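This report refers to the structure that appears directly beneath it.
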Amino acid sequence: MNILIIGGGISGISAAKVALGEKQDVTILESTPEPGGLMARIANCRVGFKTFFDEIRDNKRLTVINDAKIAKVDKKDRTFAVTLNDGQTLTADRVIIATGLTPYDPVEYKGKRVLTSLEYDAVIDQRQGELPADFNKIGFFLCVGSRSKDYPLCSSVCCSYTLREVKWTLQRAKPEVVVFYNDLRFFGQEFYMEKAFRDTGVRFVRANSRYFEEDEEGVTVRYYTGGQLKEERFNYAVLAIGLRPNPQLAELSRMFGFSLNKYGFINEKAPLQTDVEGVFVSGGALEPMNIKDSILTGFGAGLLSVKGPEILAKAEVQDERLYREDEPEFVLSDGDPTICLFYLGTEDPGNGIFYEFVSSKFIEAARDLKKSGKAVYVLTRNMVTPSYGEITYEEARREGVVFVHLEEDETVAFDGNQVRIAREGRELTFNVDKVIRFDDYAKLFKDREYLSLYRSEPQIRWSPTKWGRTKYHIGFIRHPREKRWEEREILGALGEILLDKEEERILPEVNEERCSGCGSCKNACPHSAIEILIREKQLAIFGPFSSSAVPIAHVKEDTCVGCGLCASTCPSDAIAFAEKPPAS
């Protein structure tokens, strides 16, 4: 079977890995001089992409055509004939659209000191040498070119990317850092990162209105917060630019016949499927999404291209390695309140991963109450409605649900059915019949093994559903969010299982006599595949034998990927790989 993938970014490469693993012929059309997409433009991601791509680069079944532009598409029966601008014609049985996302270009703001997040990434790239001499105060500004009238969607990744740029900045220098935001839409462990940065002095300001005035020495920023118009100077202002659909999708839609929605993304007829038979979709061609989900949907689209859409209905979906847990039922307590207030906020960073799930549930419940004639308020410390979730929020606001967004210096006090918001010079009181609080619901789903909480960013990025080699998390237990993601995650997990089946692993072995239990290997392992066990050991002390408990490293086979970092780190040479047996 010939599979054509349009787009050589991380999602397209992920799809190719699955298809190649199933011994299919794959052609990738990349519109730029080399594969990589947005990921290859990020300093701290380009090596990861290169390593990922290198795993298939020399596969004899893979063809990559760079600087490719499609001129014509003909379909006969179930085969696509794709003609390129240079006259070359390709034949494909299945097609995957993986064109990725296009960064917004804020030409109205940009300058020498007002930089986009990608431009700033190049400034702090360690390959560029020294940082600018006046690198003393940096301001980061979120939601530039998204959540706006002309593009109402949330770009899903800008908050997370900004958090990492703050991290990379502080690794290289110690400037004063201020983050201006509407909401902080993080993922998984990132809420702990936010708290750590706050504790080290990074200042966060919830302010939407901003004005930039650049001169040769810096940028003056005016913004409205705390009931006042404030002014602050920065050496550099960094704009977290929104991500929009690739403009190529409009032309590809015309040539292949699939439809787009009003925001410019592909209409998803069924999970990872367009409304044209044999044409699948992954990554940013679907909606704004992060690298983890781009890889996940790439694995899923690659699986569909090989196995066909019927895979979801087959018994393989019941694979015992797929692990799901039902989301808890969201039920408001009995009663018929006239005035309701939802409080969407928590002081516990461990509850942060529930923001997306609880935000959607609160908005859904608030809309239902409003439609039944109730007065409804939603008080937000943070509201996480990424991608199309932003549309639902806007619809609720237009329907009359009143949203009150708390600023950083505002406090909230609950006294029975009275809710009081206070800051210096202002106090606002709500007298309501019912209060529904975030933490009251978050405690219902704590103490579960959420993949997004218990796996680090590198782990969940490259293995987006894998808990261990016999357990792949999907749905609510992977990451609590909207239900529509679950079938995508099933497909992604099945694709990841196929890749794991193809992968030959040689695991390291621990020489317990040499192991001192120092933990160097455990600390170095990026996959949490090393644990320190306590073993009883016989000791001879002046003749009689005695026993003592000693720590010993142990390799967890279901989690280890055989990367060898533990063996290279061990100071006692107690971990090594067994010799690979000769091929028969």
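The values are calculated or read from the model by the stated rules, or taken from the named source; none is laboratory data. Just so it is clear, the model here is predicted, and its values are computed rather than measured. Neighbour counts are summed over all protein chains in view; Cβ atoms, including those assigned to glycine, are modelled from backbone coordinates with ideal geometry. Only protein heavy atoms, including side chains, enter the accessible area calculation; ligands, DNA and RNA are left aside. Shrake-Rupley method; radii C 1.70, N 1.55, O 1.52, S 1.80 Å.
For the chain, what log10 I(q)/I(0) values come out of the Debye formula at q = 0.05, 0.06, 0.09 1/Å, with one point per alpha carbon and no solvent? Reported log10 I(q)/I(0), two decimals: -0.25, -0.36, -0.80. Rounded to the nearest 20, the Cβ-based charge dipole of the stretch 114-243 about its Cα centre (Lys and Arg +1, Asp and Glu -1) stands at 600 debye.
In the structure displayed, which of 50/314; 307/466; 262/501 lie more than 29 Å apart, Cα to Cα? As for pairs spanning more than 29 Å Cα to Cα, those are 50/314; 262/501. Summing Lys and Arg as +1 and Asp and Glu as -1 over all other residues whose Cβ lies under 14 Å from the Cβ of residue 378 gives a net charge of +3.
Taking 0.36 nm per residue of sequence separation and removing the Cα-Cα distance, the residue 513/residue 454 pair yields an extension gain of 18.1 nm.
Anisotropy class assigned to the stretch 470-516 is oblate, per the alpha carbon gyration tensor with a/c at or over the 1.5 cut-off and a/b no larger than b/c. Extension gain, residue 105 to residue 470, is 127.0 nm, computed as 0.36 nm per intervening residue step minus the present C-alpha separation.
Summing charges over neighbours of residue 284, with a neighbour being any other residue whose Cβ is under 11 Å away from its Cβ, gives -1 when K and R count +1 and D and E count -1. Counting only whole DSSP H helices of the chain, the ones at least 20 Å long by C-alpha along their axis and with mean Kyte-Doolittle hydropathy no lower than 0.0 are 291-307.
Working ranking of peptides 296-303, 27-34 by packing, defined as the average number of other Cβ atoms within 10 Å per residue, highest first, is 296-303, 27-34. In this Cβ point-charge picture (+1 for Lys and Arg, -1 for Asp and Glu), the chain has a dipole of about 380 debye about its Cα centre. If a paramagnetic tag sat 7 Å from the Cα of residue 330 along the Cα-Cβ line, which residues of the stretch 474-517 would have the backbone N under 20 Å from that point? Inside the label zone: 474-489. Subtracting the Cα-Cα distance of residue 79 and residue 32 from their residue separation scaled by 0.36 nm leaves 14.3 nm.
Cysteine residues of the chain whose Cβ has no partner cysteine Cβ closer than 4.7 Å: 45, 143, 154, 158, 159, 340, 515, 518, 525, 560, 563, 570. For the chain, relative contact order (Cα pairs under 8 Å, six or more residues apart, normalised by length) works out to 13 percent. Legend: P(r) of the stretch 339-447 from all alpha carbon pair distances, 10 Å bins from 0, whole percents, reading 14, 47, 35, 5, 0. Taking amide H positions as modeled 1.01 Å from N, with prolines and chain starts lacking one, the residues under 5 Å from residue 260 and 5 or more places away or on another chain are 267. Which of the residue pairs 17/292; 167/471; 195/361; 370/483 have a Cα-Cα distance greater than 21 Å in the structure shown? Over 21 Å Cα-Cα: 167/471; 195/361; 370/483. May I ask what percent, to the nearest 5, of DSSP beta bridges between residues of the stretch 114-243 are antiparallel? Of the beta bridges lying entirely in the stretch 114-243, close to 40 percent run antiparallel. Along the axis of the charge dipole computed for the chain (Cβ charges of +1 for Lys and Arg, -1 for Asp and Glu, origin at the Cα centre), the listed residues 404, 223, 11 are led at the positive end by 11. Given the DSSP H assignment, sum -39500 (n - 2.57) over each helix run of at least 4 residues in the chain and divide by its residue total; what's the result at 222 nm in deg cm²/dmol, nearest 500? Helix-only estimate at 222 nm: -7500 deg cm²/dmol. Shape analysis of the stretch 232-370 yields a ratio of the Cα radius of gyration to the Kirkwood radius, Rg/Rh, of 1.07. Ordering 431-438, 570-577 by mean Cβ neighbour count within 10 Å, with the highest value first, yields 431-438, 570-577. Shape of the stretch 3-85 from its Cα gyration tensor (a ≥ b ≥ c, root eigenvalues): rounded if a/c is under 1.5, otherwise prolate when a/b > b/c, or oblate? Here the stretch 3-85 falls in the oblate category. Using the 1.4 Å probe convention, the accessible area of the chain works out to 46 Å² per residue with neighbouring protein chains retained.
Put the Cα centre of the stretch 129-186 next to the Cα centre of the stretch 49-119 and the gap is 28 Å. Between rounded, prolate and oblate, where does the stretch 114-243 land on the alpha carbon gyration tensor, with a ≥ b ≥ c its root eigenvalues, rounded for a/c under 1.5, else prolate if a/b exceeds b/c? Judged from the Cα gyration tensor, the stretch 114-243 comes out rounded (a/c under 1.5). Think of the stretch 71-172 as having a plus end and a minus end, set by charges on the Cβ of Lys, Arg, Asp and Glu; of 99, 152, 73, 152 sits farthest toward the positive end of this dipole. Restricting attention to the stretch 339-447, close to 45% of DSSP beta bridges with both partner residues there are antiparallel. Taking every alpha-carbon pair under 8 Å whose residues sit at least 6 apart, the stretch 366-524 reaches a relative contact order of 11 percent. Solvent-accessible area of the chain (1.4 angstrom probe, protein heavy atoms only): carbon and sulfur portion equals 47 percent. Among the trypsin sites (Lys or Arg not before Pro) in the stretch 112-221, those located in a DSSP loop and surrounded by at most 16 other Cβ atoms within 10 Å of their own Cβ are 112, 149. Summing Lys and Arg as +1 and Asp and Glu as -1 over all other residues whose Cβ lies under 14 Å from the Cβ of residue 401 gives a net charge of +2.
Using Cα-only point scatterers and the Debye equation, what is log10 of I(q)/I(0) for the stretch 86-168 at each q in 0.12, 0.15 Å⁻¹, rounded to two decimals? Once normalised to I(0) and log-transformed, intensities are -0.54, -0.72.
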